[in-house]
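Peer 1: One structure follows; several queries about it will come next.
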Amino acid sequence: MKMAGFYDESISNGLGWRAVLFVSGCPHHCPGCHNAQAQDYNYGQEFHKQEIIDKICENSILKGITISGGEPLCKENIGEVVSFIKEVKKVRPNFNVWCYSGYTIEQLEARNDETTNEALKEIDVLVDGRFVQEKKNPTLKFRGSENQRILDVPKCLQQHKIVELAI
Ligand code: SF4
């Protein structure tokens, strides 16, 4: 997997101070994509998991990590993303994990495969759905278009319904 970028700390990619990893590669090709270069699976730098984990460990201000892209949950990236989240949680067990995906939670659950189910168990908040230019709304917090939802994943899984995060 390649990475399109990494922020040591950010407050605009989820609640609280967070590290942000942008993975490379996305199959969705949404018109008006905010990060079009990251649609290419070969864009950016080689992803060295341990280097990123070391950077996270150095920064005590962080409350969590956000995985964005690109598409973290496509078949090309999801395995490495799950393994990365698990490693992060070993060193920062209380870390809160946000993930941006062009897939909806319904599409991810419908895959019914082990890796996707594992990913959903590791993610606290999923900002789901493709970016839709016609529904773009710059006043929205943490998302680009009105179709996208900010989901409380543990509650969605426990209650078998859509539960949006109250923010
Ligand atoms: S899902 Fe995100 S990264 Fe992928 S094309 Fe759409 S806006 Fe761009």
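Values quoted throughout were computed directly from the atomic coordinates according to the rules given, and no laboratory measurement underlies them. Treat the numbers as computed from the prediction; the structure is a model and nothing was measured. Ideal geometry is used to build each Cβ from the backbone, glycine not excepted, and the neighbour counts take in all protein chains shown.
Peer 1: Just one of the numbered conditions (1) within 15 Å of the ligand (Cβ to nearest atom); (2) charged (D, E, K, R); (3) within 16 Å of the chain's Cα centre (by Cα) is not true of ASP40; which one?
Peer 2: If we test ASP40 against (1) within 15 Å of the ligand (Cβ to nearest atom); (2) charged (D, E, K, R); (3) within 16 Å of the chain's Cα centre (by Cα), just (3) comes out false.
Peer 1: Follow-up question, since we're still on this one. If you check GLU76, GLU87, GLU71, which single one turns out to be within 16 Å of the ligand (Cβ to nearest atom) and either crowded, with 22+ Cβ neighbours inside 10 Å or within 20 Å of ARG18 (Cβ to Cβ) (or both)?
Peer 2: GLU71
Peer 1: Select, from ILE65, ILE85, the only residue that is in contact with a helix residue (DSSP H, G or I) (Cβ under 8 Å, 6 or more places away or on another chain) and part of a strand (DSSP E or B). Talk me through it step by step, then tell me what you get.
Peer 2: On the way: ILE85 fails: part of a strand (DSSP E or B).
Result: ILE65 is the single residue among ILE65, ILE85 that is in contact with a helix residue (DSSP H, G or I) (Cβ under 8 Å, 6 or more places away or on another chain) and part of a strand (DSSP E or B).
Peer 1: Being away from the ligand (no atom under 12 Å from the Cβ), surrounded by 15 or more Cβ atoms within 10 Å (Cβ to Cβ), free of Cβ contacts under 8 Å to residues at least 60 places away in the same chain and hydroxyl-bearing (Ser, Thr, Tyr) narrows it down to one residue among THR104, THR116; which is it?
Peer 2: THR116
Peer 1: Could you please find all residues in region 123-141 being in contact with a strand residue (DSSP E or B) (Cβ under 6 Å, 6 or more places away or on another chain), of a type outside the set (Asp, Glu), more than 12 Å from the ligand (Cβ to nearest atom) and in a loop (DSSP other than H, G, I, E, B)?
Peer 2: Passing the criteria: only ILE123.
Peer 1: Considering only residues that are within 21 Å of GLU71 (Cβ to Cβ) and either β-branched (Val, Ile, Thr) or exposed (fewer than 14 other Cβ atoms within 10 Å of the Cβ) (or both), look in region 147-161 and name the one that is farthest from the ligand (Cβ to nearest atom).
Peer 2: If we take residues in region 147-161 being within 21 Å of GLU71 (Cβ to Cβ) and either β-branched (Val, Ile, Thr) or exposed (fewer than 14 other Cβ atoms within 10 Å of the Cβ) (or both), then VAL153 is farthest from the ligand (Cβ to nearest atom).
Peer 1: Quick check on my filter: what residues within region 17-37 are within 10 Å of the ligand (Cβ to nearest atom), within 18 Å of ILE78 (Cβ to Cβ) and of a type in the set (A, V, I, L, M)?
Peer 2: Residue satisfying the conditions is VAL23 alone.
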